[in-house]
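The values are calculated or read from the model by the stated rules, or taken from the named source; none is laboratory data. Not measured: the values here are computed from a predicted model. Glycine gets a Cβ as well: all are built from the backbone with ideal geometry, and neighbour counts include every protein chain shown. All accessible areas refer to the heavy atoms of the entire protein, side chains included, with ligands and DNA or RNA removed. Shrake-Rupley method; radii C 1.70, N 1.55, O 1.52, S 1.80 Å.
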Amino acid sequence: MTTTLITGANKGLGREAARQLIAAGHTVYVGSRDFDRGEATVAEIGGIPLQIDVTSDESVRAAAKRIESEVGHLDVLVNNAGIAGGFSSVTDVTADDVATVYATNVFGVVRVTQAFVPLLERSEAPVIVNVSSGMGSFAVTLDPSRFESTLVGLAYPSSKAAVNMLTSMYAKGMPNIRVNAVDPGYTATDLNGHRGTQTVEEGVRAIVAMAQIASEGPTGSFVDAVGTVAW
Ligand code: NAP
């Protein structure tokens, strides 16, 4: 039995990843910062609702304690919770605007990872999937053939670039845990006012695949649904 936690799983890509991993046989803790939204999602897709606000030490600690008492370990952590924070003109963006996005997208990943590593270390085949973005890739955002190169923003792209480096460093620093970053691709969710061109079923392919890698699978990689993404 594989026990999996997905943060921000009450809607969007996290919800669909939870639905597919439940169908694949995982016991999924459906993370939601709002308890009622988590309960409503679980009523529709199954899984176990877990209140977890990635910006709160108290909430994250309580979530880890609960999984420790109920299961004793964690096999798969999907750091999915994220916010876009708006794409204003770069000269209008304040340090506070950037800090708000980093609080969820970057510091949230560190907070949740640090809290759950002791439980992951008790798994026979621990896995972390960090949900990054093509917007966090220098190569993708500088490639004129890619849609991502047309978007200009400070907070979100730099937050996802930080997630990529966190992934690489966690992978090097924790050789017993397979830690990978994924780019879902531009997917219609609340994050982008449903302007994304993929469905959530298409968007979760890399998340779901990397949540199910075998114990000899990759670590320190950045992938999308079709293969390696250049950093
Ligand atoms: P979404 O539909 O807006 O879902 C975001 C999820 O994150 C929601 O469940 C939200 O909860 C949760 N969340 C936000 N702040 C949180 C916090 N402090 N603590 C816990 N949960 C929090 O967006 P999405 O598109 O599915 O995004 C999921 C991930 O994919 C994000 O990391 C995003 O950057 C990444 N991504 C998305 C796309 C895309 O095109 N959609 C492309 C590349 C990467 P609430 O419902 O409470 O707000």
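For the reader, a short list of remarks on this structure follows.
- Looking across segment 1-35, the residues that are of a type outside the set (Gly, Ala, Ser), within 15 Å of the ligand (Cβ to nearest atom) and part of a strand (DSSP E or B) come down to Leu5, Ile6, Val28, Tyr29, Val30.
- Residue check for Val127: within 11 Å of the ligand (Cβ to nearest atom), surrounded by 21 or more Cβ atoms within 10 Å (Cβ to Cβ) and not acidic (Asp, Glu): no
- Residue within segment 39-54 that is without any contact (Cβ under 8 Å) to a residue 60 or more places away in the chain, open to solvent by 30 Å² or more (accessible area, probe 1.4 Å) and within 17 Å of the chain's Cα centre (by Cα) present: yes
- The set of residues in segment 197-223 that are surrounded by fewer than 20 Cβ atoms within 10 Å (Cβ to Cβ) and within 12 Å of the ligand (Cβ to nearest atom) comprises Thr197, Gln198, Thr199, Glu202.
- Residue check, Pro175 within 20 Å of Ser137 (Cβ to Cβ), in contact (Cβ under 8 Å) with a residue 40 or more places away in the chain and in a loop (DSSP other than H, G, I, E, B): no
- Index of the failed condition, Ser149 passing every other in (1) more than 16 Å from the chain's Cα centre (by Cα); (2) buried (at least 17 other Cβ atoms within 10 Å of the Cβ): (2)
- Restricting attention to segment 140-192, the residues being within 22 Å of Ala225 (Cβ to Cβ) and either of a type in the set (Val, Ile, Thr) or away from the ligand (no atom under 15 Å from the Cβ) (or both) number 16.
- Listed conditions (1) assigned to a helix (DSSP H, G or I); (2) over 30 Å from Arg61 (Cβ atoms); (3) among the polar types (S, T, N, Q) are all met by Ser145, apart from (1).
- The residue of segment 96-105 that is most open to solvent (accessible area, probe 1.4 Å), among those that are within 10 Å of Ala155 (Cβ to Cβ) and of a type in the set (A, V, I, L, M, F, W, C), is Ala99.
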